[in-house]
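The values are calculated or read from the model by the stated rules, or taken from the named source; none is laboratory data. Bear in mind the structure is a predicted one, so any value in this text is a computation, not a measurement. Ideal geometry is used to build each Cβ from the backbone, glycine not excepted, and the neighbour counts take in all protein chains shown.
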Amino acid sequence: MNCELARERIVAAAYAELTDEHTHELEQHMAACPDCQADREQLQALKVLAGAFPVLEPEANLVARSRLRLEDALDQIPPKRWYERFGQRILNNFANMQAAPVAACLLLLVGAGAGSMGGYELAQSRVAQAAAKATSAAQNHVATEPQASATPAEIASISSIVRQPNSNVVEVRYNQVVPQRIQGPMDDPAISQLLMLASENATSEGVRVDSVDLLAAECRAGHGCKARGIRDALMVALRYDKNAGVREKALKGLEPYVAEDVRVRDAVLEALLNDSDPRIRTAAVSILEPVEADTSVRQVLHTVAYSDDDSHIRNASREVLSRVPEIQ
């Protein structure tokens, strides 16, 4: 079995759609392929995070606005030139000669589209749920400005996060039909929900940096950093965020849990092996030092210590291993 087929079966197995025979073949492949093991762990982590929130039906105004945005985007597509249309016609004629492969490709495209739409609806439903909680909590807090009458609605985006100096109070500004704001202590569920939502804000790196920084600070202080919740949000940021600063803050927030939570340990090991920023990889080596006796940690440290391209990371790994000579 090659890795491409294994990745397809990993997805099917995650949703209990794989036969016993194929499951056995997949497990045999996984035992010898660390890359596919990492892919499966990442998919499982994503499922855990997605499963933490119930799936709600999208609101009518969301569907209407999405259609308007789609129509606007389609209007922006320039018309094809004559030679592009001619080339497309040739491809279509060629495709008609190969009906079965084309049908298979169409099924894959339809499946990919359905999966994308499902993910979009899930994300929007989580936004709507967070907005409802945040709006309800806003009525119990004193805001610095008069607030409009609050009604449950979807959150369009997080616009800013401000922590008041020498205080445990955080102000989160978010956009609905009109801009809204709430403020409250970090342990307020509404504030936590908004911060976790902000950590996935694809449009603003500044908002992601601020939100992950606050979530990481809560974890380092041992406040409300449960395995299913803030800790999951930090692991997703560490694995997938494109901003190295966000990943570094997430790594620091996860540090206190590397010894007690295997999932956190695996996320830090992935950062050590795969992250593109040497600072994050070096920090991962230091964070793993308290659990260097763990078999998987020891194996990764040995691999990095003698085969990594970065000499600084090789030396850091060797230094950690040298402190416990009896396990080498």
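Just a yes or no: is a residue in the stretch 77-89 surrounded by 11 or more Cβ atoms within 10 Å (Cβ to Cβ), under 30 Å from residue 237 (Cα atoms) and modelled with pLDDT under 75? So far as the stretch 77-89 goes, no, none of its residues is surrounded by 11 or more Cβ atoms within 10 Å (Cβ to Cβ), under 30 Å from residue 237 (Cα atoms) and modelled with pLDDT under 75.
Quick one: is residue 225 outside any helix (DSSP H, G or I) and crowded, with 18+ Cβ neighbours inside 10 Å? When the stated conditions are applied, residue 225 passes them.
Restricting attention to the stretch 270-291, the residues that are within 19 Å of residue 34 (Cβ to Cβ) and among the charged types (D, E, K, R) total 3. Evaluation of residue 232 against the conditions (1) free of Cβ contacts under 8 Å to residues at least 40 places away in the same chain; (2) assigned to a helix (DSSP H, G or I); (3) within 11 Å of the chain's Cα centre (by Cα); (4) over 14 Å from residue 284 (Cβ atoms) shows that the sole unmet condition is (1).
Within the stretch 260-274, how many residues are of a type in the set (S, T, N, Q) and either within 18 Å of residue 318 (Cα to Cα) or at pLDDT 90 or above (or both)?
Here the count works out to 0.
Among the conditions (1) farther than 21 Å from residue 42 by Cα; (2) part of a helix (DSSP H, G or I); (3) touching a residue at least 12 places away in the same chain (Cβ under 8 Å), the only one that residue 287 does not satisfy is (1). Of the residues screened, residue 170 is not one that is surrounded by fewer than 18 Cβ atoms within 10 Å (Cβ to Cβ), among the hydrophobic types (A, V, I, L, M, F, W, C) and either modelled with pLDDT of 80 or more or outside any strand (DSSP E or B) (or both). One residue stands out in the stretch 258-273 among those that are in contact with a Lys or Arg (Cβ under 9 Å, 6 or more places away or on another chain) and surrounded by fewer than 21 Cβ atoms within 10 Å (Cβ to Cβ): the one that is farthest from residue 233 (Cα to Cα), namely 273. Can you pull out the residues in the stretch 286-318 that are farther than 12 Å from residue 258 by Cβ and crowded, with 21+ Cβ neighbours inside 10 Å? Result: 300, 301, 304, 316, 317. Among residues of the stretch 62-74 that are surrounded by 10 or more Cβ atoms within 10 Å (Cβ to Cβ), none has a Cβ under 9 angstrom from a residue that is of a type in the set (Gly, Ala, Ser) and not in a helix (DSSP H, G or I) at a sequence gap of 6+ or on a separate chain. Evaluated against (1) at pLDDT 90 or above; (2) surrounded by 16 or more Cβ atoms within 10 Å (Cβ to Cβ), residue 277 falls short on exactly one condition, (2).
For the stretch 290-328, the set of residues classified as within 23 Å of residue 246 (Cα to Cα) and assigned to a loop (DSSP other than H, G, I, E, B) consists of 310 only.
In the stretch 190-209, the count of residues that are of a type in the set (D, E, K, R), in a helix (DSSP H, G or I) and closer than 21 Å to residue 276 by Cβ is one or more.
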